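Participant: Below is one structure. I have some questions about it.
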Amino acid sequence: FALKPDPTIRRNWKLTPINGTHANLSMQTSYLTPEVYMVPIIISDSGSPTKNTHINLPVTVCQCNIRGNCRTAVKELQGMPTVQSAVGILLGTLGVIGFILIIVFAKLSYQKPKPQSISNQDRVPLKSSV
């Protein structure tokens, strides 16, 4: 493992090999601006012929809380509803409900009324008291 031979990279970062398969990357400076840095690392094997590859390791530098978790600045989330989208959703919902009600009332108004069955008691006239 080795850092790219760039003075800026070597000034900010330190790569310490642990064994043949692991290395420790640490900051050389006491402060870096919180952001994501791309640290170029060269990885080589010990075979013959030697093979190596270059990777850019993304490293997030941030302020940590007591638990060691990053505290990031609050940003506006993309995709959150705006006033226009909320009004659009509301009007769309009311439109669908209104359309369903129109269909239901139209269907009810076109149905033929059921004939009323007239019982014998309904045909007898009321007795008048004289």
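The values are calculated or read from the model by the stated rules, or taken from the named source; none is laboratory data. Since this is a predicted model, take the numbers as computed values, not measurements. Note that we place each Cβ from the backbone using ideal geometry, even for glycine, and neighbour counts take in every protein chain shown. Remember, those area values only see protein heavy atoms, side chains included, never the ligands or the DNA or RNA. Shrake-Rupley method; radii C 1.70, N 1.55, O 1.52, S 1.80 Å.
Participant: Mind telling me which of the residues Gly47, Gly68, Gly95 ends up being surrounded by 10 or more Cβ atoms within 10 Å (Cβ to Cβ) and either assigned to a strand (DSSP E or B) or not charged (D, E, K, R) (or both)?
Facilitator: Unique residue meeting the criteria: Gly95.
Participant: Residues being open to solvent by 80 Å² or more (accessible area, probe 1.4 Å) and among the hydroxyl-bearing types (Ser, Thr, Tyr): count how many of those fall in the range 50-65.
Facilitator: So the answer is 2.
Listed here are the residues, each with its yes/no results for (1) farther than 30 Å from Leu32 by Cα; (2) modelled with pLDDT of 85 or more; (3) in a strand (DSSP E or B).
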| residue | (1), (2), (3) |
| --- | --- |
| Ile55 | no, yes, yes |
| Pro81 | yes, no, no |
| Ala106 | yes, yes, no |
| Ser109 | yes, no, no |
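Participant: Answer yes or no as to whether Pro113 is within 29 Å of Trp13 (Cα to Cα), modelled with pLDDT under 90 and not in a helix (DSSP H, G or I).
Facilitator: So Pro113 does not fit the description; no.
Participant: Taking the condition of being of a type outside the set (A, V, I, L, M) and part of a helix (DSSP H, G or I), how many residues in the range 1-44 meet it?
Facilitator: 5
Participant: Another question about this same structure. Tell me which residues, restricted to the range 1-38, are under 36 Å from the mean Cα position of the chain (by Cα) and small (Gly, Ala, Ser).
Facilitator: Listed by number, the residues that qualify are Ala23, Ser26, Ser30.
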